[in-house]
């Protein structure tokens, strides 16, 4: 008997009355009706499922609290460029060498970049979150109006993926925002980019490092990763920056000629005709500048932050240097 059927029977046994938790989850009944009409779910099973969903006040507090003051780069960097993350990355590489080589061969993404994303996101699986995904997504879909449409869509995709993968709807664990597994994929990203990289018939990004490795590599490739190209290069600038060039836009938009005319040093940049982005990072002594290529932009598609992408890049380089020195 399939796991999803078993899970539904367990819910049935736990719930003497199959009734959606409409008081705690306002709007859940129309959502259930939509899932039945558009995706062929069983209404009674969904009502029993949502009767066992728990609204978490801690999730609402986490997502609605005022954003913390943004850290400057020199503080942000220190969170991720630590001995423990570097050593953990080396150990992960040694343990999963074959899968990493296979991912690099298939998708063109270097092993160290895949490892660094896993290190930044979950410390190589050591911290994948502590909330049931169904609780997180339901709480935010039905109890957090500012982003209800987004999380309602993610909840829809989560239910679809659990059916496709023959998974329990109650067991998967993730972050307070519903990000899942070693690589912290949202359900929409899972459906679009997760892969069964070990060929066992399931896309398991929670406990299967091989699938997580392949999924991250596929994600980056699908977002424009260029096999064999460099990522980002240090530079300096001798002239004041124009407003357009100081905007720190992530998408590459400037030609080498434009950068040279604006006073940027291109000595560290390989030859090419691709456009580049200007990456400004705050150090204690002032702004530090880098020129980002398409592969840097691909990393920012994982998390739309120049500091995130730079942390991934520098952690990747540190892991590679440490491994090569062994």
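The values are calculated or read from the model by the stated rules, or taken from the named source; none is laboratory data. Since we're looking at a predicted model, the values are computed, not measured. Cβ sites come from the backbone with ideal geometry, for glycine too, and all protein chains shown count toward neighbours.
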- Quick one: which helices (runs of 4 or more DSSP H) lie wholly within segment 102-202 and hold at least 2 residues that are touching a residue at least 40 places away in the same chain (Cβ under 8 Å)? 111-122, 133-143, 148-164
- So residue 53, is it over 20 Å from residue 315 (Cα atoms), modelled with pLDDT of 95 or more, crowded, with 21+ Cβ neighbours inside 10 Å and touching a helix residue (DSSP H, G or I) at 6+ places or on another chain (Cβ under 7 Å): yes
- Does any residue in segment 286-307 that is farther than 20 Å from residue 260 by Cβ come within less than 6 Å, Cβ to Cβ, of a residue that is in a helix (DSSP H, G or I) six or more places away or on a different chain, and which pairs are these? 298/220; 299/309; 299/312; 300/309; 307/73; 307/76
- So which helices (runs of 4 or more DSSP H) stay within segment 218-326 end to end and still have 1 or more residues that are touching a strand residue (DSSP E or B) at 6+ places or on another chain (Cβ under 9 Å) and more than 22 Å from residue 86 (Cα to Cα)? 256-261, 294-300
- residue 262 fails exactly one of the following numbered conditions: (1) touching a helix residue (DSSP H, G or I) at 6+ places or on another chain (Cβ under 9 Å); (2) modelled with pLDDT of 95 or more. What is the number of that condition? (1)
